[in-house]
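Visitor: This is the structure I want to talk about, given as structure tokens.
The values are calculated or read from the model by the stated rules, or taken from the named source; none is laboratory data. Here the structure is a predicted model, which is why all the values come from computation and not from measurement. With ideal geometry, Cβ positions are generated from the backbone for all residues, glycine too; neighbour counts draw on all protein chains shown. Calculation scope for accessible area: heavy atoms of the full protein, side chains included, ligands and nucleic acids excluded. Shrake-Rupley method; radii C 1.70, N 1.55, O 1.52, S 1.80 Å.
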Amino acid sequence: TYAIEIKDLKKRYDNGFEALKGVDLNVEQGDFFALLGPNGAGKSTTIGILCSLVNKSSGRVRIFGVDIDEDFAGAKLHLGVVPQEFNFNVFETVFNVVVTQAGFYGIPLELAKERAEKYLKKLDLWDKKDTQSRMLSGGMKRRLMIARALIHEPKILILDEPTAGVDIELRRSMWEFIKELNEQGTTIILTTHYLEEAEQLCRNIAIINSGEIVENTSVKALLKTL
Ligand code: ADP
Ligand code: ADP
């Protein structure tokens, strides 16, 4: 089974705009995968459909073999998503942002607190645990979103344009952490419009343009053709 299997995925928004025109994409378990494309290509739409923030028009999506139309709750257990926009309660403390998320997955409070500590420490946010999240810098907010996405220890971590607003130093430590997760077996999928980012980090890559996959290959093979 693939971590993610997308077949002939189409999305037409309510205004008639066709954002996805039949996307086919397979992501293997344990992969470090980039979905690369310019602004407006359909990356966020694809991610939105994976985590059911956006309704698809047609096509099939399976997450670890589970069809999202048949068992979305089951499929979602495997997914951790770091969206582009910060969408946590800004008046909550850093610690509580992470712990609150655990409630959605029925994780017992004691375990939630243990994991919150573990991931906030790994993401260099532990000294901010009692700070209201609105006080954090952009890079810290991004790392908080990552910690929150990991609370249920998902098999797949999806990051939508993760380096937006993160400075170079922090970016490096963030990537170290994500690489480590991948080495421990988590499948990583990120979207980006920077080829360099995809090329430095990822093993496989799909290029999307105007709602269509125009290339789907290993990063090694892609670099040979350039
Ligand atoms: P769906 O078909 O999934 O229900 P909608 O067409 O209702 O999606 O739009 C979802 C949200 O995206 C709305 O809140 C809308 O304001 C916003 N939106 C509308 N047009 C655009 C656009 N061109 N780019 C980004 N967001 C948009
Ligand atoms: P990307 O993430 O690659 O920048 P998106 O998936 O956000 O691309 O958007 C793909 C296209 O769909 C863009 O042209 C965008 O304007 C349009 N779009 C996104 N959301 C909506 C919406 N809710 N309604 C109408 N058009 C949308």
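Visitor: Taking 8 Å as the Cα distance limit and 6 or more residues as the minimum spacing, I'd like the relative contact order of segment 102-185 as a percentage.
Guide: Relative contact order comes out at 31 percent.
Visitor: Right, here's the next one. How are the Cα pair distances of the chain distributed, in percent, across 10 Å bins from 0?
Guide: Here the calculated profile for the chain is 8, 33, 36, 19, 3, 0.
Visitor: Using the charge dipole of the chain (Lys, Arg: +1 at Cβ; Asp, Glu: -1 at Cβ; taken about the Cα centre), state which of I178, V99, V54 has its Cα farthest towards the positive end.
Guide: V99
Visitor: I've got another one for you. Quickly rank 102-115, 127-140 as a protection proxy: mean count of other C-beta atoms within 10 Å, highest first. Provide the component values of the computation, followed by the final result.
Guide: Values: 102-115: 13.0, 127-140: 15.3.
Highest mean packing first, the order is 127-140, 102-115.
Visitor: Can you report the principal axis dimensions of segment 123-197 using only the alpha carbons, biggest first, rounded to whole angstrom?
Guide: Ordered largest first, segment 123-197 gives principal extents of 31, 28, 17 Å.
Visitor: In segment 1-103, what percent of the accessible surface is made up of carbon and sulfur (1.4 Å probe, ligands and nucleic acids excluded)?
Guide: Working: 2240 of 4800 Å².
Carbon and sulfur atoms account for 47 percent of the accessible area of segment 1-103.
Visitor: What number comes out for accessible area per residue over segment 26-107 if the probe is 1.4 Å? Units Å², please. Intermediate results must be reported in sequence, preceding the final value.
Guide: Details: 3650 Å² over 82 residues.
Result: 44 Å² of accessible area for each residue.
Visitor: Select from F17, F86, F72 the residue whose mean-square fluctuation is largest in a Gaussian network model of the chain (Cα-Cα springs shorter than 10 Å).
Guide: Greatest mean-square fluctuation among the candidates belongs to F17.
Visitor: Continuing with the same structure: Counting Lys and Arg as +1 and Asp and Glu as -1, each charge on the Cβ, what is the dipole of segment 106-226 about the Cα centre in debye, to the nearest 20? Provide the component values of the computation, followed by the final result.
Guide: Numbers: 19 positive and 19 negative charges, 58 e Å.
Taking the Cα centre of segment 106-226 as origin, the dipole is about 280 debye.
Visitor: Taking the Cα centre of the chain as origin and charging only Cβ (+1 Lys, Arg; -1 Asp, Glu), how large is the dipole, in debye to the nearest 20?
Guide: The calculation lands at about 180 debye.
Visitor: Alpha carbon centre of segment 1-58 versus segment 158-226: separation in Å?
Guide: Result: 16 Å between the Cα centres.
Visitor: Could you state the per residue volume, in Å³, of the convex hull enclosing the Cα atoms of segment 23-117?
Guide: Enclosed volume per residue, from the Cα hull, is 141 Å³.
Visitor: Under 30 Å between alpha carbons, and skipping anything fewer than 8 positions from K10 in its own chain: which lysines qualify?
Guide: K21, K43, K56, K76, K155, K220
Visitor: If I take every Cα pair under 8 Å that is 6 or more residues apart in the chain, average their sequence separation and divide by the length, what percent do I get for the relative contact order? Don't skip to the answer; put the middle values down first.
Guide: On the way: 428 pairs, mean separation 66.0, N = 226.
For the chain, the relative contact order is 29 percent.
Visitor: Here is a follow-up. For segment 74-205, what is the convex hull volume of its Cα atoms per residue in Å³? It would help to have the intermediate numbers written out before the result.
Guide: Details: hull volume 14.0 nm³, N = 132.
Per-residue hull volume (Cα only) is 106 Å³.
Visitor: Take the alpha carbon gyration tensor of segment 154-214, find the square roots of its eigenvalues, order them as a ≥ b ≥ c, and report rounded if a/c is under 1.5; if not, report prolate when a/b exceeds b/c, else oblate.
Guide: Working: a/c = 1.98, a/b = 1.27, b/c = 1.57.
It comes out oblate by the Cα gyration axes.
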